[in-house]
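Throughout, read-outs are computed from the coordinates displayed, never taken from laboratory work. The model shown is predicted, which means the values in this text are computed figures rather than measured ones. Methodologically, a virtual Cβ is constructed for each residue, glycine included, from the backbone with ideal geometry; neighbour enumeration extends over all protein chains shown.
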Amino acid sequence: MDKDFIPVKRSQIPLFKDFPLFYFSKENEPLLYKKEGEPLKDPRIENGQFPELFIRASDRGKASKALYKTMNTYLSETIFSQGYVYIKQALSTIVQEALEGPLNISGKMLPETLEILFQGYSKNKILVKSLAKLSSYSDQLVEHTVNILFLTMQFCIFHHYSEEEIKKLGVSAILHDIGCTQLPPEIYNTKTKLSDTQFKGHQSHTVKGYRTIKNSASFEPEIAMVALEHHEKLDGSGYPKGITNISEEAQLIGLIISYEPLTYRGTSHHVTPQKPFHSLQLLKNEVIAGKYSKRMFVNFCSCLSS
């Protein structure tokens, strides 16, 4: 494949009406499939009658911004007219773009996404809580990220965080694992236990994510610190540095990260997901062992039981 072109996900092709689309011939030559500003005809969309399509790499930034704008508009409409499954699917698409697209665009558009969710919650008090109970239809990383986002918002809104704090923690939740996008698929996507060497490679996602966010001028320093510290523990048993002086934001995301796989996805050893009460009992043992803040754990329990 020519490095000057980027593949477009089939589900997103209708969103690229303002950009030229290309396909590759048998001789691996890029050929124009759709002109700029020309929509795909409905039958082709409905029947999926198109080859693998690409945009020019030079259009990536503009296309990503256009995608966010379209997806945020759809999310806003969905919150007030569709069921929770559709809302979570819409948000999963946005999260996937945030993890894979240019960070300078994410920095400008993700707060708008969180504003839509925040306003939706203010009009529908059970929105975030109901969404947090749903399983996503997207891949493992996106599913995990969306679950963490909803649980984080549920915590913040229940405890009356300011809108600015909610947005900052929401972006932190979305980007906390962005370093995983730089890991080999066999490390992140495997459902079997990692070898010691693989686990060490997996641990590097915290530093990779920190550097990626830090190198972007679009985000507050606290968001980069969450990417770095979300696997640290108060007793020094975490990684990557084994520190005990952990930022409040990273402590909260780290606590939620420990709860989420127990309740929503089971463990990597194919264990059936637990009921919330049993998940909290397991997490309580970690709190008693000094790995997490007792105060934060109690506050987390209260937002789940509301």
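Using a/c under 1.5 as the rounded threshold, could you call the stretch 83-304 rounded, prolate or oblate? The axes a ≥ b ≥ c are square roots of the C-alpha gyration tensor eigenvalues, and prolate needs a/b larger than b/c, oblate otherwise. Because its axes are fairly even, with a/c under 1.5, the stretch 83-304 counts as rounded.
Tell me, how many Å apart are the Cα centres for the stretch 282-303 and for the stretch 81-109? Each part reduced to its Cα centre gives a spacing of 30 Å.
Could you work out the relative contact order of the stretch 167-239, using alpha carbon pairs under 8 angstrom and six or more residues apart, expressed as a whole percent?
Details: 77 pairs, mean separation 27.4, N = 73.
The normalised contact order for the stretch 167-239 reaches 37 percent.
Farthest towards the positive end of the charge dipole of the chain, among the residues 116, 12, 149, is the Cα of 149, using unit charges on the Cβ of Lys, Arg, Asp and Glu.
By how many degrees, 0 to 90 and rounded to 10, does the Cα axis of helix 140-158 deviate from the longest principal axis of the chain? The angle comes out near 60 degrees.
For the chain, a Gaussian network of Cα nodes joined below 10 Å ranks 164, 143, 249 by mean-square fluctuation, and the top entry is 164.
Inter-label distance, residue 192 to residue 4: 4.2 nm, where each label sits 7 Å from its Cα along the C-beta direction.
In the chain, Cα pairs under 8 Å separated by at least six residues give a relative contact order of 12 percent. Spin-label model, residue 164/residue 301: points 7 Å from Cα along the beta carbon direction are separated by 3.3 nm.
Among 86, 210, 239, sorting on how many other beta-carbon atoms sit within 10 Å of each Cβ, with the fewest leading, yields 86, 239, 210.
For a footprinting-style exposure proxy, rank 73, 113, 93, 197 by other Cβ within 10 Å, fewest first.
On the way: 73 12, 113 26, 93 20, 197 9.
Listed from fewest to most nearby Cβ atoms, that is 197, 73, 93, 113.
Shown is the FRET efficiency for residue 181 and residue 28, computed with R0 = 25 Å from the Cβ-Cβ distance and rounded to the nearest 0.05: 0.40. Each of residue 199 and residue 58 was given a label point 7 Å from its Cα along the Cα-to-Cβ line. The distance between the two points is 4.9 nm. The simple Förster model, with R0 at 22 Å and r as the Cβ-Cβ distance, assigns residue 108 and residue 36 a FRET efficiency of 0.45.
Each peptide in 178-184, 106-112 gets a packing score, the mean of other Cβ atoms within 10 Å over its residues, and the list from highest to lowest is 106-112, 178-184. Rounded to the nearest 500, the helix-only mean residue ellipticity at 222 nm of the chain stands at -17500 deg cm²/dmol, with each DSSP H run of n ≥ 4 adding -39,500 (n - 2.57).
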